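J.: Got a structure here, written out as structure tokens. Questions coming.
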Amino acid sequence: MTKIAFFDVDGTLVGDSSVPTQATIDTVHRFQELGNLAFICTGRSKPEILPDIMAIGFDGIIGAGGGYISYVDEILHHHTMPEKAVREIIDFFDAHKIGYYLESNSGLFGSKYYKDTIQETIEAYCQGDEEKIAQLTTANQWFYDLIDSFAASEIDYADVNKISFINREVAYQEIADKFGQQFEMFHMTVPFFGKESGEIAVKGNDKQTAIELVLNKLNMTKADTISIGDANNDLAMFRACGYNIAMGNGTDELKAAANEITTDVDHDGIAESFKKNHYFA
């Protein structure tokens, strides 16, 4: 029976370097060779799914936390935020000097303060450890380079999938109270962005609803599904799938909801689990 696996990206497919290991790549290929389907299932928008990840050759993508879905070359779903609301959110962030970046399928667009704010959150996370600060800054350079590559591009404010904010100025809950009635609010899953950082996305889109749409399209059922993730936003993915794997670096809540806990991302947790389960063949 054909299986379909949904792979989170950050903390699951890739670690801080954002490059998948060869063991991870080989595991996905082996799973597909056995006649199964492999989907990315991530909060990242399409431009953030870097060439090293795309080169693995996934059968489909769930991106922007469920706001964008594609299967092979077909776009199954794409839901964007209203332009008026986008402008209201960024006016609030600019007024409070909160760093943010706009995520669309055409690019990632950083605010005036986004890079400085990320650096501040990295320094706070590392608690003054200069070596660790340097390591994380270097590991995050791909992200700065990606946003810089769109700096000269015109922003289409009507084509925004999601807004991510990096924040040390205003309590996350205050932002959630202000915008949470209209939008889905999520805590940021990147640890060094800090606990007051988060994401604002279109209401009604999450990994569960996206997976269910994919299953309906492919005439598959929950019993055919496997998911693997590390963060609380993967709880929605777990609710949609029949067999759920938490990474060793995952949150306590996700581990409690999992059928299996594997090793962490730096010790090839995907490869360890799929080998143990004979690639689910």
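The values are calculated or read from the model by the stated rules, or taken from the named source; none is laboratory data. Keep in mind that this is a model prediction, so the values were computed, not measured. Cβ placement follows ideal geometry from the backbone for every residue including glycine, while neighbour counts extend to all protein chains displayed. With ligands, DNA and RNA removed, areas are computed over all heavy atoms of the protein, side chains included. Shrake-Rupley method; radii C 1.70, N 1.55, O 1.52, S 1.80 Å.
J.: So, in the range 68-96, of the ones that are more than 25 Å from LYS3 (Cβ to Cβ) and in a loop (DSSP other than H, G, I, E, B), which residue ends up least open to solvent (accessible area, probe 1.4 Å)? Give the derivation first.
T.: As a first pass, look at the range 68-96 and keep what is more than 25 Å from LYS3 (Cβ to Cβ): 78-96.
From the residues that got through so far, the ones that are in a loop (DSSP other than H, G, I, E, B) too are 79-82, 96.
On the way: HIS79: 74, THR80: 41, MET81: 3, PRO82: 66, HIS96: 73 Å².
The residue in question is MET81.
J.: Same structure, new question: Any idea which residue in the range 97-137 is surrounded by the fewest Cβ atoms within 10 Å (Cβ to Cβ), counting only those that are touching a residue at least 24 places away in the same chain (Cβ under 8 Å) and closer than 18 Å to GLU174 by Cβ?
T.: Only one residue tops the list, namely LYS97.
J.: Is it the case that ILE49 is open to solvent by less than 20 Å² (accessible area, probe 1.4 Å), of a type outside the set (Ser, Thr, Tyr) and more than 26 Å from PRO191 (Cα to Cα)?
T.: Values: open to solvent by less than 20 Å² (accessible area, probe 1.4 Å): yes; of a type outside the set (Ser, Thr, Tyr): yes; more than 26 Å from PRO191 (Cα to Cα): no.
No; evaluated as a whole, the condition is false for this residue.
J.: Name the residues in the range 1-14 that are surrounded by 17 or more Cβ atoms within 10 Å (Cβ to Cβ) and not aliphatic (A, V, I, L, M), would you?
T.: Across the range 1-14, the qualifying residues are LYS3, PHE6, PHE7, ASP8, ASP10, GLY11, THR12.
J.: Tally up the residues in the range 30-57 that are out of contact with any Pro (no Cβ under 7 Å at 6 or more places or on another chain), under 23 Å from LYS3 (Cβ atoms) and not hydroxyl-bearing (Ser, Thr, Tyr), please.
T.: Here is the first cut: in the range 30-57, the ones out of contact with any Pro (no Cβ under 7 Å at 6 or more places or on another chain) are 30-51, 54-55, 57.
Cutting the leftovers down to under 23 Å from LYS3 (Cβ atoms) gives us 30-42, 49, 54-55, 57.
From the residues that got through so far, the ones that are not hydroxyl-bearing (Ser, Thr, Tyr) too are 30-41, 49, 54-55, 57.
Matching residues across the range 30-57 total 16.
J.: Looking for something modelled with pLDDT of 95 or more, buried (at least 19 other Cβ atoms within 10 Å of the Cβ) and within 16 Å of ILE98 (Cβ to Cβ) - is there at least one such residue anywhere in the range 230-239?
T.: no
J.: Return yes when SER18 is under 27 Å from LYS162 (Cα atoms) and at pLDDT 95 or above and no when it is not. Don't jump to the end; show me each part of the working.
T.: On the way: under 27 Å from LYS162 (Cα atoms): yes; at pLDDT 95 or above: no.
For SER18, the condition - under 27 Å from LYS162 (Cα atoms) and at pLDDT 95 or above - is not met.
J.: Could you list all residues from the range 261-275 that are open to solvent by 10 Å² or more (accessible area, probe 1.4 Å) and in contact (Cβ under 8 Å) with a residue 12 or more places away in the chain? I'd like the intermediate steps shown before the answer.
T.: Initially, the range 261-275 is screened for residues open to solvent by 10 Å² or more (accessible area, probe 1.4 Å), giving 261-268, 272, 275.
Within the range 261-275, ILE261, THR262, THR263, ASP264, VAL265, ASP266, HIS267, ASP268, LYS275 meet the criteria.
J.: Further, regarding this structure: Quick check on my filter: what residues within the range 27-46 are of a type outside the set (Gly, Ala, Ser) and loosely packed, with under 15 Cβ neighbours inside 10 Å? Break it down stepwise before answering.
T.: Start the filter on the range 27-46 by keeping residues that are of a type outside the set (Gly, Ala, Ser), which leaves 27-34, 36-37, 39-42, 44, 46.
Scanning the range 27-46 gives HIS29, GLU33, LEU34.
J.: Further, regarding this structure: Would you mind finding the one in GLY60, GLY66 that is modelled with pLDDT under 95 and either touching a helix residue (DSSP H, G or I) at 6+ places or on another chain (Cβ under 9 Å) or over 30 Å from ASN216 (Cα atoms) (or both)?
T.: Numbers: GLY60 fails: modelled with pLDDT under 95.
GLY66 is the lone residue from the list that is modelled with pLDDT under 95 and either touching a helix residue (DSSP H, G or I) at 6+ places or on another chain (Cβ under 9 Å) or over 30 Å from ASN216 (Cα atoms) (or both).
J.: Another question, if that's okay. Out of all the residues in the range 99-143, which are assigned to a loop (DSSP other than H, G, I, E, B) and small (Gly, Ala, Ser)? Before you say what the answer is, go through the steps one by one.
T.: Start the filter on the range 99-143 by keeping residues that are assigned to a loop (DSSP other than H, G, I, E, B), which leaves 105-106, 111-113, 127-129, 140.
SER106, SER111, GLY128 - these are the residues of the range 99-143 that are assigned to a loop (DSSP other than H, G, I, E, B) and small (Gly, Ala, Ser).
J.: Condition check: surrounded by fewer than 19 Cβ atoms within 10 Å (Cβ to Cβ) and in contact (Cβ under 8 Å) with a residue 12 or more places away in the chain. Does GLN22 satisfy that? Step through it out loud before you land on a result.
T.: Details: surrounded by fewer than 19 Cβ atoms within 10 Å (Cβ to Cβ): yes; in contact (Cβ under 8 Å) with a residue 12 or more places away in the chain: no.
No: the conditions fail for GLN22.
J.: Which of the strands (runs of 3 or more DSSP E) found entirely inside the range 156-252 contain at least 2 residues meeting this: under 15 Å from ILE89 (Cα atoms) and not hydroxyl-bearing (Ser, Thr, Tyr)?
T.: By residue number, 162-166, 183-187, 198-202.
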